[in-house]
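**Q** Here it is, the structure in full.
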Amino acid sequence: MDKKEFRFVYENISKMSAVANQPMNLFSMTRIAMTLGPGLGFLLYLHSTTLNMRPDIVDRPHRIKDTSYTELRDNYDFIIVGGGSAGTVLANRLSENPSWSVLLLESGADEMSLSDLPLLFPALQMTPLDWQYKTEPGERYCKAMVEGRCNWPRGKVLGGSSVLNAMLYVRGNKKDYDRWAEIGNIGWSYNEVLPYFLKSEDMRIPQYKNDIYHSTGGYLSVEHYRYNSPLADWWLDAIKEAGYPERDINGASQSGFMLSQGTLRDGLRCSTAKAFIRPVHNRSNLHVSLHSNVEKVLINEKNEAYGVEFKKFGIKKTVYNDREVILSAGALGSPHLLMLCKFLPVYI
């Protein structure tokens, strides 16, 4: 079965589940698996098995409810475009204020239970959970790739690329943040952003729990991977013999060697959707609209955003904001939407 057939099947499964607002039953999943190719059939069978054998992975009680077209309001205080690694966090934090209404718009669906399994992360790329971007051909990169183009995985799913990535937990380098502050970005120095890393983090690696660079009790859990190749331990032993210390890459010095920290919970992937959205799924002031592709940000004569236009299952909808439109559609999606905006010239 080729990619177009896979996309057709997946999108129709997603649509049926969204309309019914409930997961498909085991019989339907098994029937589909038996009629498709062995690769996809295996994945669907594995998904069905997970539904029955590991309800903790499926996590039905806390899955976000897709806000239907008819349930969407005309106005919200905040409209967040993109439910990825940033948008999910913003939706959680802003909806903490019960006086504010928040709409989170995501082009993709909710993540599948299979995405929780760390070993399967490469299989999620180049699927309908991925925007399937490719780089342009160049002379200095991707020379071993077909047509000289690399895949550029970007999550088209609630949780964004945190659903597709390898779950490595690595904060930005201290010098980068300090440089941003030096060139005029107030509040972005390392010492100023560190409290927000700590606020979000639930460190579960024993030796780091009481470290000043880590914290517990936040939404995003951090662990060591449950499995490491023996080569990792041999490598660290060799490093120590060569005189280099094993250190915390998210600690005081960010150059060195260590066993990787991961955004994991009990050995499973902890995406930002799982971390920040599922715990607050019952907030009445938070609406999450899946399968909602934003096509335009509305700009008034003062160059202020006052709403967005999007399509949900092919039906166009316009929603207005009373406070802000927040673009968190990724490094490619956000600039794309800005390029579609019609800004008026500003004369000084």
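**Q** Mind checking whether some residue in the stretch 301-320 is polar (S, T, N, Q) and within 30 Å of residue 170 (Cα to Cα)?
**A** no
**Q** Could you tell me how many of the residues in the stretch 245-258 are surrounded by 11 or more Cβ atoms within 10 Å (Cβ to Cβ) and either farther than 23 Å from residue 119 by Cβ or in contact with a Leu (Cβ under 9 Å, 6 or more places away or on another chain) (or both)?
**A** The qualifying residues number 9.
**Q** Here's something else I'd like to know. Among the residues of the stretch 116-131, is any assigned to a loop (DSSP other than H, G, I, E, B), over 30 Å from residue 53 (Cβ atoms) and assigned by TED's automatic domain parsing to the domain that holds residue 291?
**A** The answer is yes; a qualifying residue exists.
**Q** Suppose we filter the stretch 212-244 for residues that are of a type in the set (S, T, N, Q) and surrounded by fewer than 12 Cβ atoms within 10 Å (Cβ to Cβ); how many remain?
**A** Counting residues in the stretch 212-244 that are of a type in the set (S, T, N, Q) and surrounded by fewer than 12 Cβ atoms within 10 Å (Cβ to Cβ) gives 1.
**Q** Can you name the condition, by its number, that residue 90 falls short on among (1) more than 16 Å from residue 323 (Cβ to Cβ); (2) in a helix (DSSP H, G or I); (3) not charged (D, E, K, R)?
**A** (1)
Yes/no per residue for (1) of a type in the set (D, E, K, R); (2) touching a residue at least 12 places away in the same chain (Cβ under 8 Å):
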| residue | (1), (2) |
| --- | --- |
| 241 | yes, no |
| 248 | yes, yes |
| 254 | no, yes |
| 278 | yes, yes |
| 292 | no, yes |
| 301 | yes, yes |
| 314 | no, no |
| 328 | no, yes |
| 339 | no, no |
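**Q** Answer yes if at least one residue in the stretch 158-179 is part of a strand (DSSP E or B) and out of contact with any Leu (no Cβ under 9 Å at 6 or more places or on another chain), and no otherwise.
**A** yes
**Q** Moving on to the next point. If a residue must be outside any helix (DSSP H, G or I) and farther than 15 Å from residue 308 by Cα, how many such residues does the stretch 93-108 contain?
**A** So the count comes out to 8.
The values are calculated or read from the model by the stated rules, or taken from the named source; none is laboratory data. Computed from a predicted structure; not experimentally measured. Every residue, glycine as well, gets a Cβ built from its backbone with ideal geometry; the counts of neighbours run over all protein chains shown.
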